[in-house]
1. Filter the stretch 13-37 for residues that are over 30 Å from Leu3 (Cα atoms) and surrounded by 11 or more Cβ atoms within 10 Å (Cβ to Cβ); which is modelled with the lowest pLDDT?
2. How many residues does the stretch 15-26 contain that are touching a helix residue (DSSP H, G or I) at 6+ places or on another chain (Cβ under 9 Å) and farther than 12 Å from Asp53 by Cβ?
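The values are calculated or read from the model by the stated rules, or taken from the named source; none is laboratory data. Since the model is a prediction, treat every value here as computed from it, not as a measurement. As a convention, Cβ positions derive from the backbone with ideal geometry for all residues, glycine included, and neighbour counts pool all protein chains shown.
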Amino acid sequence: MILSQKDGITVRVMKEDDYPRVKTFMTDYFHYDEPMGMGLEEPIHLQHEEEVDRQYLAVIRPGTVHSGAGR
């Protein structure tokens, strides 16, 4: 479902099959520059990667209600 489209930019609801590209984008442009993770020996996004992936996919999955981290 496309919510908005203007100037070559499309805003739509994310689908599960978008997640690998979004995850790569977040790794390349966010996680390594994020202030909370900058001083850690192991990048923060890798510390619990499988659990974080499950949580993000649950939020993206249609019909899923997400009530917060760790639930």
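1. Gly37
2. So the first thing to find is which residues in the stretch 15-26 are touching a helix residue (DSSP H, G or I) at 6+ places or on another chain (Cβ under 9 Å), and the list is 15-16, 18-19, 22-23, 26.
Now drop any that are not farther than 12 Å from Asp53 by Cβ, which leaves 15, 18.
Of the residues in that region, 2 qualify.
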